[in-house]
Amino acid sequence: MSFADLGLSPKVLSAVQAAGYENATPIQAQAIPYAMMGRDVLGIAQTGTGKTASFVLPMLTKLEQGRARARMPRSLILEPTRELAAQVADEIEVLGKQHKLTVALLIGGVSYDEQDKKLDRGADIVIATPGRLLDHFQRGKLLLNGIQVLVVDEADRMLDMGFIPDIEKICKRLPFTRQTLFFSATMPAEIQRLVNNFLHQPARVEVAQRSSAATTIKQRLAKAPVEAKGKREVLRELMRAENVKNAIIFCNRKKDVGVVLRSLQRHGFNAGGLHGDMDQRARSATLEGFRDGSITFLAASDVAARGLDIPDVSHVFNYDVPVHPEDYVHRIGRTGRAGKEGFAATLVTPKEIKAIKAIEKMMDQEIPWLDGEGLKTDAVEEAQSDEDKGGRRRGGRGGRSRGGAKKSAGGEKPAEANAEPAKSEAKPEDAKPESKAADEQPKGKAATPADKDDKPKKGKGAKPSRSAKSDKGSRDDKSSRDDKSSRGDKKKGGDKEKVRGMGDHVPAFMMRSVRPD
């Protein structure tokens, strides 16, 4: 369909023709007419389908009338990353050549002063990441009650990055009469909740098959070892084997981006790095260097996976299998754009075979292996199962052996452990009669099992057993004294059996009188 049939203004049509666009893409052909009618639009389409022009062109047409006041922008575009926001700003600069509109780019990593100056002069269009926009709003540098058009781009990426609460705060501060254009590649439950809350009877536009890769991309899987050093070696061999003009190497973690970057540079590859912790100037310089060809290989996190328009990427290498299957489609979508052929290879370790199966299930297609065989799934799962079972068995034996070692190292340890609390509870005066009685006991007549079982004998000047029981205290005190005597036997090296309890009997030495005759 031609752009002239979509109801755009003459200024916009002339800018589109000057940019070299001839026919509208399916998402543009379906979304622009609804947007020109003033309706809310819910657009579902994969990256690279022309979503940016779907909301930029009708927005430029609507903003031809009127001017923005200081700190009161007329339209707002929310993007998940700085790179996407900067890319949309460049697109507006190209398509809005004949419009004298002021654009403010509010992203992190850049000084507030320049952004404040643009807002003070009056910005017709504000392109922002949610966090920086709220910073300006809370500082009183931005008012949101003049917004006529709100665009939420890459909403599912916003969800992944944790921006949904910020988007809710922003939407609650916007006028109820605004027009909302909402674009997402997928529709999780949380995104659907946002749509229900903040869009009014939206026109739903869904084009292309969800979670599908372009047919111009040749996809392959490559076996890789679990060890990081061996995995990097496989990556380098793969990069040398293919006729690589330029390539993006995707990693799951920012830390791995730095490791892979240093490894490539040490082995003579012209490489640069891109991840979310980099300064904005460094990120922009690296991305521009990759676009103009001064950087051949770009090691990047998923910050480069969504929406970046780099038209001539010949290869994509997944150093790590992405955690979310949808991210695989976005990563390999950096190549094979605009009808060109592309190549995407993914390094797969035995631990990542399940993630690959999830990607194949989502795409409803099998990805071929470079060697034609690949990893045997059954063998990998069996090996992982055996490893898990072996770890549990080792852990169980270790726990039992450690416990057994404690027992076998000293048979008296449990008794000592049980005796310590009793020792702390016993009163000092309780121990004195015992030691005194033990000192007066004749040598060679230590307490034996026979003494324990014998009935108490009445000695000269002996007290009745009842009074002896009441004086000596409770059964806990008796066990405490027995444990003390057993420890004394242990120190002397005796192997005699300890008396663990007296029951209703009192040993004979306790009945001996301590008074002189």
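The values are calculated or read from the model by the stated rules, or taken from the named source; none is laboratory data. In this text, all values refer to a predicted model and were calculated from it rather than measured experimentally. Heads up, the Cβs are rebuilt from the backbone with ideal geometry, glycines too, and the neighbour counts pull from every protein chain shown.
From the list 111, 75, which residue is buried (at least 22 other Cβ atoms within 10 Å of the Cβ) and among the hydroxyl-bearing types (Ser, Thr, Tyr)?
On the way: 111 fails: buried (at least 22 other Cβ atoms within 10 Å of the Cβ).
Just one listed residue meets the conditions, 75.
Would you check if there is a residue in the stretch 283-290 being buried (at least 17 other Cβ atoms within 10 Å of the Cβ) and within 20 Å of residue 353 (Cβ to Cβ)?
Checked the stretch 283-290: no residue is buried (at least 17 other Cβ atoms within 10 Å of the Cβ) and within 20 Å of residue 353 (Cβ to Cβ).
Please work out if residue 90 is more than 22 Å from residue 170 (Cα to Cα) and modelled with pLDDT of 90 or more.
Working: more than 22 Å from residue 170 (Cα to Cα): yes; modelled with pLDDT of 90 or more: yes.
Yes: the conditions hold for residue 90.
Residues of the stretch 45-69 being surrounded by fewer than 19 Cβ atoms within 10 Å (Cβ to Cβ) and either in a helix (DSSP H, G or I) or not assigned by TED's automatic domain parsing to the domain that holds residue 11 (or both), which ones?
Across the stretch 45-69, the qualifying residue is only 62.
Search the stretch 252-275 for residues being buried (at least 18 other Cβ atoms within 10 Å of the Cβ) and in a loop (DSSP other than H, G, I, E, B), and hand back the single one that is modelled with the lowest pLDDT.
Out of the qualifying residues, it is 275.
Within the stretch 125-157, how many residues turn out to be of a type in the set (A, V, I, L, M), within 20 Å of residue 197 (Cβ to Cβ), in contact (Cβ under 8 Å) with a residue 40 or more places away in the chain and touching a helix residue (DSSP H, G or I) at 6+ places or on another chain (Cβ under 6 Å)? Before you say what the answer is, go through the steps one by one.
Pass one, the stretch 125-157, residues of a type in the set (A, V, I, L, M): 125-128, 133-134, 142-144, 147, 149-152, 155.
With the extra rule that they be within 20 Å of residue 197 (Cβ to Cβ), the set shrinks to 133-134, 144, 147, 149-152, 155.
Restricting the remaining residues to those that are in contact (Cβ under 8 Å) with a residue 40 or more places away in the chain gives 133, 144, 147, 149-152.
Of the ones still in play, those that are also touching a helix residue (DSSP H, G or I) at 6+ places or on another chain (Cβ under 6 Å) are 149, 151.
Selection size over the stretch 125-157: 2.
Answer yes if at least one residue in the stretch 70-82 is touching a residue at least 24 places away in the same chain (Cβ under 8 Å), basic (Lys, Arg) and in a loop (DSSP other than H, G, I, E, B), and no otherwise. Please lay out each step first, then the result.
Filtering the stretch 70-82 down to residues touching a residue at least 24 places away in the same chain (Cβ under 8 Å) leaves 70-82.
Still in the list and also basic (Lys, Arg): 71, 74, 82.
Keeping just the survivors that are in a loop (DSSP other than H, G, I, E, B) gives 71, 74.
Within the stretch 70-82, one or more residues are touching a residue at least 24 places away in the same chain (Cβ under 8 Å), basic (Lys, Arg) and in a loop (DSSP other than H, G, I, E, B).
Quick one: which residue in 4, 29, 35 is farther than 22 Å from residue 76 by Cα, assigned to a helix (DSSP H, G or I) and under 41 Å from the mean Cα position of the chain (by Cα)? Break it down into steps so the answer makes sense when it comes.
Details: 4 fails: under 41 Å from the mean Cα position of the chain (by Cα); 35 fails: farther than 22 Å from residue 76 by Cα.
Just a single option satisfies the conditions, and that option is 29.
What number goes with the only condition from (1) buried (at least 16 other Cβ atoms within 10 Å of the Cβ); (2) closer than 30 Å to residue 26 by Cβ; (3) assigned by TED's automatic domain parsing to the domain that holds residue 331 that residue 249 does not pass?
(2)
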